[in-house]
1. Can you tell me how the chain classifies by the Cα gyration tensor, rounded, prolate or oblate, using a/c under 1.5 as the rounded cut?
2. Determine the percent antiparallel among the DSSP beta bridges restricted to the chain, to the nearest 5.
3. Counting helices only, and only those DSSP H runs with n ≥ 4, report the 222 nm mean residue ellipticity of the chain as the sum of -39,500 (n - 2.57) divided by its residues, in deg cm²/dmol to the nearest 500.
4. Which value, in debye to the nearest 20, describes the size of the charge dipole of the stretch 1-44 about its Cα centre when Lys and Arg Cβ atoms bear +1, Asp and Glu Cβ atoms bear -1, and nothing else is charged?
5. Kindly state, to the nearest 0.05, the FRET efficiency for A101 paired with L10, given R0 = 22 Å and r defined as their beta-carbon distance.
6. Once you charge only the Cβ atoms, +1 for Lys and Arg and -1 for Asp and Glu, what is the size of the charge dipole of the stretch 58-120 about its Cα centre, to the nearest 20 debye?
7. Would you work out the charge dipole size for the chain about its Cα centre, treating the Cβ of every Lys and Arg as +1 and the Cβ of every Asp and Glu as -1, and quote it to the nearest 20 debye?
8. Convert each backbone phi in the stretch 43-54 into a coupling constant with the Karplus relation 6.51 cos²θ - 1.76 cosθ + 1.60 (shift: θ = phi - 60°), then list the ³J(HN,Hα) values in order as whole Hz, x for Gly and Pro.
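What follows draws every value from the coordinates through simple rules; no lab data is involved. Remember, it's a predicted structure, so these values are computed and weren't measured experimentally. No Cβ is skipped: glycine too gets one built from the backbone with ideal geometry, and neighbour counts run over all protein chains shown.
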Amino acid sequence: MELHTSTDILKAADLQLTNDADPMAASLDSVHTIELHFPAFSDGRAFSQALMLRRRCGFKGDIRATGDVLVDQLSQMQRCGFSSAVLRADQNLAKGQELLAHFSGFYQGDVIQPQPLFAR
């Protein structure tokens, strides 16, 4: 997962979805980057949007998390299908990278590894 700070200059997303938008209704033709917004760290609807984009729509491009993104949410974001995140200004980029490398695997299946550990 790529991590960025709010001051990084990033290529604009091809599609930006608010957290109340239906990702299944969006046209993904010629879309390479989708930006999903977290208006508050406690609002997890973008997790569901990312999962739907990956599993139901088969989207293979970049799904970027923006808004109130905290380092302690990064592992779950990655497991739900996010491939990049722009951290909130007060978050530590190095700590985020450290937390992403903390676990080598998970028992449950996810977007990255759909099979649970016992079925592998």
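1. Oblate, since a/c reaches 1.5 and b/c is not below a/b.
2. Counting only bridges with both partners in the chain, antiparallel ones make up about 0 percent.
3. -6000 deg cm²/dmol
4. Values: 1 positive and 8 negative charges, 20 e Å.
Using only the charged Cβ atoms, the result is roughly 100 debye.
5. 0.45
6. So the dipole magnitude of the stretch 58-120 works out to roughly 200 debye.
7. Working: 11 positive and 14 negative charges, 90 e Å.
For this selection, approximately 440 debye.
8. Going residue by residue, I get 9, x, 4, 5, 4, 5, 4, 4, 4, 5, 4, 6 Hz, with x marking Gly and Pro.
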